[in-house]
Amino acid sequence: TKKPSQYRAHMLKSWAIALDRAGKLEESILVFKKGIDDYPFSHSMHFNLGVTYFNAKKYDDAEKSLMRALEINPYHAGANLNLAKLSALRGRKAQAMLSLGVYLLVQEGDNSSLVYMERLSKNEIEDEGSLPDETVNPFGKLDRILKAKVALEKGFKNRVDVDAALVKQMQLIIDQLPAKDDSNFWCRFYYPFYERLKSNGLIEPFLYHILSSSSIQSVPKWKAKNKKELQAFYDAANAALSDVRSRIIAPSKFGYSGAVNAWHSDN
(Lines give C-alpha, C1' and ligand atoms only; values in the text may rest on other atoms or scores of the structure.)
Protein backbone atom coordinates (compact mmCIF):
# COMPACT_ATOMS: atom_id res chain seq x y z
CA THR A 1 0.00 0.00 0.00
CA LYS A 2 1.12 3.54 -0.68
CA LYS A 3 1.84 5.87 2.20
CA PRO A 4 -0.57 8.87 2.21
CA SER A 5 1.06 12.17 1.34
CA GLN A 6 2.01 14.37 4.28
CA TYR A 7 0.32 17.22 2.38
CA ARG A 8 -3.05 15.48 1.98
CA ALA A 9 -4.74 17.29 4.89
CA HIS A 10 -3.53 20.64 3.57
CA MET A 11 -4.76 19.83 0.06
CA LEU A 12 -8.19 18.77 1.29
CA LYS A 13 -8.52 21.97 3.30
CA SER A 14 -7.36 24.11 0.38
CA TRP A 15 -9.83 22.37 -1.95
CA ALA A 16 -12.70 22.98 0.48
CA ILE A 17 -11.76 26.65 0.94
CA ALA A 18 -11.61 27.10 -2.85
CA LEU A 19 -15.10 25.63 -3.18
CA ASP A 20 -16.35 28.02 -0.48
CA ARG A 21 -14.90 31.02 -2.27
CA ALA A 22 -16.45 29.83 -5.52
CA GLY A 23 -19.85 29.88 -3.80
CA LYS A 24 -20.16 26.08 -3.81
CA LEU A 25 -20.86 25.91 -0.08
CA GLU A 26 -22.51 22.48 0.14
CA GLU A 27 -19.65 20.90 -1.84
CA SER A 28 -17.17 22.69 0.42
CA ILE A 29 -18.89 21.30 3.53
CA LEU A 30 -18.71 17.75 2.16
CA VAL A 31 -14.97 18.06 1.48
CA PHE A 32 -14.35 19.50 4.95
CA LYS A 33 -16.30 16.62 6.51
CA LYS A 34 -14.19 14.13 4.58
CA GLY A 35 -11.05 15.90 5.77
CA ILE A 36 -12.22 15.90 9.39
CA ASP A 37 -13.16 12.21 9.18
CA ASP A 38 -9.54 11.44 8.22
CA TYR A 39 -7.87 14.17 10.32
CA PRO A 40 -10.15 14.67 13.35
CA PHE A 41 -7.58 16.66 15.35
CA SER A 42 -6.93 19.30 12.69
CA HIS A 43 -8.15 22.43 14.47
CA SER A 44 -7.66 24.36 11.23
CA MET A 45 -10.05 22.02 9.40
CA HIS A 46 -12.73 22.50 12.07
CA PHE A 47 -12.23 26.27 12.08
CA ASN A 48 -12.54 26.64 8.33
CA LEU A 49 -15.59 24.39 8.27
CA GLY A 50 -17.10 26.76 10.86
CA VAL A 51 -16.46 29.69 8.52
CA THR A 52 -18.13 27.85 5.62
CA TYR A 53 -21.13 26.92 7.79
CA PHE A 54 -21.46 30.61 8.72
CA ASN A 55 -21.33 31.62 5.04
CA ALA A 56 -24.08 29.05 4.40
CA LYS A 57 -26.13 30.62 7.23
CA LYS A 58 -25.97 27.36 9.22
CA TYR A 59 -25.17 29.17 12.44
CA ASP A 60 -25.64 26.30 14.91
CA ASP A 61 -23.26 24.12 12.91
CA ALA A 62 -20.81 27.02 12.60
CA GLU A 63 -20.79 27.46 16.38
CA LYS A 64 -20.18 23.74 16.98
CA SER A 65 -17.25 23.67 14.54
CA LEU A 66 -15.64 26.73 16.13
CA MET A 67 -16.06 25.16 19.56
CA ARG A 68 -14.41 21.96 18.37
CA ALA A 69 -11.48 23.93 16.95
CA LEU A 70 -10.96 25.55 20.36
CA GLU A 71 -11.22 22.26 22.24
CA ILE A 72 -8.23 21.09 20.19
CA ASN A 73 -6.37 24.42 20.15
CA PRO A 74 -7.64 26.96 22.70
CA TYR A 75 -5.03 29.46 21.46
CA HIS A 76 -6.62 29.65 18.00
CA ALA A 77 -7.28 33.38 17.61
CA GLY A 78 -9.70 33.16 14.69
CA ALA A 79 -11.96 30.63 16.40
CA ASN A 80 -12.21 32.79 19.54
CA LEU A 81 -12.93 35.93 17.48
CA ASN A 82 -15.52 34.33 15.20
CA LEU A 83 -17.25 32.68 18.15
CA ALA A 84 -17.39 36.09 19.84
CA LYS A 85 -18.93 37.81 16.84
CA LEU A 86 -21.45 34.99 16.32
CA SER A 87 -22.45 35.31 19.99
CA ALA A 88 -22.89 39.07 19.57
CA LEU A 89 -25.12 38.51 16.54
CA ARG A 90 -27.23 36.25 18.73
CA GLY A 91 -27.45 38.89 21.44
CA ARG A 92 -25.28 36.95 23.87
CA LYS A 93 -23.12 39.79 25.12
CA ALA A 94 -21.50 37.96 28.06
CA GLN A 95 -20.43 35.04 25.88
CA ALA A 96 -19.07 37.42 23.25
CA MET A 97 -17.04 39.31 25.86
CA LEU A 98 -15.60 36.11 27.34
CA SER A 99 -14.46 34.98 23.89
CA LEU A 100 -13.07 38.41 23.01
CA GLY A 101 -11.06 38.47 26.22
CA VAL A 102 -9.23 35.27 25.28
CA TYR A 103 -8.86 36.44 21.68
CA LEU A 104 -7.12 39.63 22.84
CA LEU A 105 -5.00 37.54 25.19
CA VAL A 106 -3.30 36.00 22.15
CA GLN A 107 -3.78 38.91 19.70
CA GLU A 108 -3.26 41.91 21.97
CA GLY A 109 -2.08 44.05 19.05
CA ASP A 110 -5.41 43.89 17.20
CA ASN A 111 -6.76 47.38 17.84
CA SER A 112 -9.80 46.97 15.57
CA SER A 113 -11.05 44.08 17.72
CA LEU A 114 -10.34 46.05 20.89
CA VAL A 115 -12.48 48.87 19.47
CA TYR A 116 -15.18 46.31 18.60
CA MET A 117 -15.12 45.06 22.21
CA GLU A 118 -15.42 48.62 23.52
CA ARG A 119 -18.37 49.33 21.23
CA LEU A 120 -20.00 46.04 22.23
CA SER A 121 -19.62 47.09 25.88
CA LYS A 122 -21.50 50.31 25.08
CA ASN A 123 -24.32 48.64 23.06
CA GLU A 124 -23.02 50.29 19.89
CA ILE A 125 -22.88 47.23 17.60
CA GLU A 126 -25.77 47.74 15.18
CA ASP A 127 -26.37 44.09 14.30
CA GLU A 128 -26.11 42.81 17.89
CA GLY A 129 -29.01 40.42 18.49
CA SER A 130 -29.97 40.32 14.81
CA LEU A 131 -29.88 36.50 14.62
CA PRO A 132 -32.71 34.49 16.21
CA ASP A 133 -31.61 32.45 19.22
CA GLU A 134 -33.99 30.01 20.87
CA THR A 135 -31.46 27.93 22.82
CA VAL A 136 -31.15 28.04 26.61
CA ASN A 137 -28.87 30.86 27.74
CA PRO A 138 -27.38 30.49 31.25
CA PHE A 139 -25.97 34.01 30.87
CA GLY A 140 -29.39 35.60 30.25
CA LYS A 141 -29.52 37.53 33.52
CA LEU A 142 -25.93 38.72 33.13
CA ASP A 143 -26.66 39.80 29.54
CA ARG A 144 -29.49 42.02 30.77
CA ILE A 145 -27.22 43.63 33.39
CA LEU A 146 -24.54 44.28 30.76
CA LYS A 147 -27.04 45.76 28.32
CA ALA A 148 -28.37 48.03 31.09
CA LYS A 149 -24.78 49.32 31.45
CA VAL A 150 -24.91 49.13 35.25
CA ALA A 151 -21.10 48.96 35.40
CA LEU A 152 -20.84 52.22 33.46
CA GLU A 153 -22.67 54.21 36.13
CA LYS A 154 -20.72 56.49 38.46
CA GLY A 155 -21.22 54.36 41.56
CA PHE A 156 -19.51 51.28 40.09
CA LYS A 157 -16.19 50.50 41.78
CA ASN A 158 -13.48 50.26 39.13
CA ARG A 159 -10.39 48.29 40.18
CA VAL A 160 -8.37 49.50 37.19
CA ASP A 161 -7.61 53.18 36.70
CA VAL A 162 -8.69 53.21 33.04
CA ASP A 163 -11.84 54.90 31.83
CA ALA A 164 -12.96 52.29 29.27
CA ALA A 165 -16.35 50.60 29.09
CA LEU A 166 -14.86 47.19 28.35
CA VAL A 167 -12.73 47.35 31.51
CA LYS A 168 -15.77 47.92 33.71
CA GLN A 169 -17.98 45.41 31.89
CA MET A 170 -15.31 42.69 32.03
CA GLN A 171 -14.88 43.22 35.76
CA LEU A 172 -18.63 42.83 36.19
CA ILE A 173 -18.69 39.65 34.09
CA ILE A 174 -15.85 38.01 36.01
CA ASP A 175 -17.44 38.94 39.35
CA GLN A 176 -20.95 37.82 38.34
CA LEU A 177 -20.36 34.61 36.38
CA PRO A 178 -23.39 32.32 36.80
CA ALA A 179 -23.14 28.85 38.32
CA LYS A 180 -20.99 26.50 36.27
CA ASP A 181 -22.90 24.29 33.86
CA ASP A 182 -20.71 21.69 32.13
CA SER A 183 -23.29 21.28 29.38
CA ASN A 184 -22.54 24.86 28.28
CA PHE A 185 -19.38 25.37 26.23
CA TRP A 186 -18.60 28.83 27.64
CA CYS A 187 -18.78 27.51 31.20
CA ARG A 188 -16.70 24.46 30.36
CA PHE A 189 -14.10 26.19 28.19
CA TYR A 190 -13.72 29.78 29.46
CA TYR A 191 -14.47 29.43 33.19
CA PRO A 192 -11.14 27.76 34.12
CA PHE A 193 -9.28 30.71 32.56
CA TYR A 194 -11.30 33.49 34.21
CA GLU A 195 -11.63 31.70 37.54
CA ARG A 196 -7.85 31.30 37.71
CA LEU A 197 -7.41 35.03 37.10
CA LYS A 198 -9.95 35.86 39.79
CA SER A 199 -8.61 33.46 42.45
CA ASN A 200 -5.01 34.61 41.89
CA GLY A 201 -5.78 38.34 41.84
CA LEU A 202 -4.72 38.70 38.20
CA ILE A 203 -7.68 40.55 36.70
CA GLU A 204 -5.72 43.83 36.65
CA PRO A 205 -2.76 42.57 34.56
CA PHE A 206 -5.22 40.78 32.26
CA LEU A 207 -7.09 44.02 31.57
CA TYR A 208 -3.92 46.00 31.00
CA HIS A 209 -2.66 43.29 28.65
CA ILE A 210 -5.75 43.31 26.41
CA LEU A 211 -5.54 47.13 26.31
CA SER A 212 -2.02 46.94 24.82
CA SER A 213 -3.07 48.33 21.42
CA SER A 214 -4.96 51.30 22.87
CA SER A 215 -3.66 54.88 22.94
CA ILE A 216 -4.27 55.16 26.69
CA GLN A 217 -0.99 56.46 28.10
CA SER A 218 -1.34 54.78 31.48
CA VAL A 219 -1.34 51.30 29.89
CA PRO A 220 2.34 51.06 28.80
CA LYS A 221 3.38 52.86 32.00
CA TRP A 222 1.59 50.29 34.17
CA LYS A 223 3.03 47.40 32.17
CA ALA A 224 6.57 48.79 32.49
CA LYS A 225 6.23 49.08 36.27
CA ASN A 226 4.51 45.73 36.87
CA LYS A 227 6.49 43.16 34.91
CA LYS A 228 6.36 40.63 37.75
CA GLU A 229 2.55 40.79 37.89
CA LEU A 230 2.36 40.46 34.10
CA GLN A 231 4.58 37.37 34.13
CA ALA A 232 2.40 35.80 36.83
CA PHE A 233 -0.61 36.52 34.61
CA TYR A 234 1.06 34.98 31.53
CA ASP A 235 1.97 31.85 33.49
CA ALA A 236 -1.55 31.48 34.89
CA ALA A 237 -3.18 32.11 31.49
CA ASN A 238 -1.01 29.52 29.74
CA ALA A 239 -1.64 26.96 32.47
CA ALA A 240 -5.41 27.48 32.32
CA LEU A 241 -5.62 27.22 28.53
CA SER A 242 -3.29 24.22 28.41
CA ASP A 243 -5.42 22.41 30.98
CA VAL A 244 -8.47 22.82 28.74
CA ARG A 245 -7.00 20.54 26.10
CA SER A 246 -5.29 18.03 28.38
CA ARG A 247 -8.26 15.72 27.78
CA ILE A 248 -10.14 15.70 24.48
CA ILE A 249 -12.81 13.63 22.78
CA ALA A 250 -11.38 11.12 20.32
CA PRO A 251 -13.57 9.65 17.54
CA SER A 252 -15.00 6.20 18.25
CA LYS A 253 -13.60 4.98 14.90
CA PHE A 254 -10.20 4.94 16.61
CA GLY A 255 -11.49 2.72 19.39
CA TYR A 256 -12.12 5.34 22.09
CA SER A 257 -15.38 5.67 23.99
CA GLY A 258 -14.87 9.05 25.65
CA ALA A 259 -12.38 11.73 26.62
CA VAL A 260 -8.71 10.69 26.54
CA ASN A 261 -5.48 12.20 27.79
CA ALA A 262 -3.83 14.34 25.13
CA TRP A 263 -0.31 15.61 24.56
CA HIS A 264 0.52 18.41 22.13
CA SER A 265 3.72 19.31 20.33
CA ASP A 266 4.70 22.88 19.49
CA ASN A 267 3.30 22.43 15.96
When each of LYS122/LYS225; LYS198/LYS227; LYS157/LYS198; LYS57/LYS198; LYS33/LYS141 is checked by Cα-Cα distance, pairs over 28 Å: LYS122/LYS225; LYS57/LYS198; LYS33/LYS141
More than 35 Å apart: what percent of Cα pairs in the chain qualify? 20
If packing is taken as the mean number of other Cβ atoms within 10 Å per residue, what is the order of 94-103, 227-236, highest first? 94-103, 227-236
Give me the percent relative contact order of the chain, please, defined on Cα pairs under 8 angstrom at least 6 residues apart. 14
Hits in segment 120-137: amide N under 17 Å from the 7 Å Cα→Cβ extension of SER183, namely 134-137
Going by average Cβ density within 10 Å per residue, which order do the peptides 183-196, 18-31 take, highest to lowest? 183-196, 18-31
Under a point spin-label approximation (7 Å from Cα along Cα-to-Cβ), what is the GLN217-ASN200 distance to one decimal in nm? 3.3
Collect residues whose amide H, placed 1.01 Å from N in the peptide plane, falls under 5 Å from the amide H of ALA262; neighbours closer than 5 in sequence don't count. ARG247, ILE248
With a point put 7 Å past each Cα toward its Cβ, work out how far ALA239 is from LYS154 in nm, to one decimal. 4.2
Could you provide, to the nearest whole Å², the per residue accessible area of segment 79-189 with probe 1.4 Å? 45
When the Cα atoms of segment 93-133 are enclosed in a convex hull and the volume is divided per residue, what value in Å³ results? 68
Taking 7 Å along the Cα-to-C-beta vector as the label spot, tell me the ASP37-ASP60 distance in nanometres, rounded to one decimal. 2.2
Whole-percent carbon and sulfur contribution to the accessible surface of the chain (1.4 Å, no ligands, DNA or RNA) stands at 50
With +1 on the Cβ of every Lys and Arg and -1 on the Cβ of every Asp and Glu, the dipole magnitude of segment 1-129 about its Cα centre, in debye rounded to the nearest 20, is 500
Listed peptides 154-161, 2-9 by packing density, highest first (mean Cβ within 10 Å): 154-161, 2-9
If you fit an axis through the alpha-carbon atoms of helix 25-38 and take the longest principal axis of the Cα set of the chain, what angle between them do you get, 0 to 90°, nearest 10? 80
Could you tell me the distance between the Cα centroids of segment 195-214 and segment 68-123, to the nearest Å? 15
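The values are calculated or read from the model by the stated rules, or taken from the named source; none is laboratory data. What you see is a predicted model; the values in this text were computed from it and never measured. Quick reminder, even Gly has a Cβ in these numbers, built from the backbone with ideal geometry, and neighbours come from all protein chains shown. Each accessible area value is taken on the protein alone, full model and side chains, heavy atoms only, with ligands, DNA and RNA left out. Shrake-Rupley method; radii C 1.70, N 1.55, O 1.52, S 1.80 Å.
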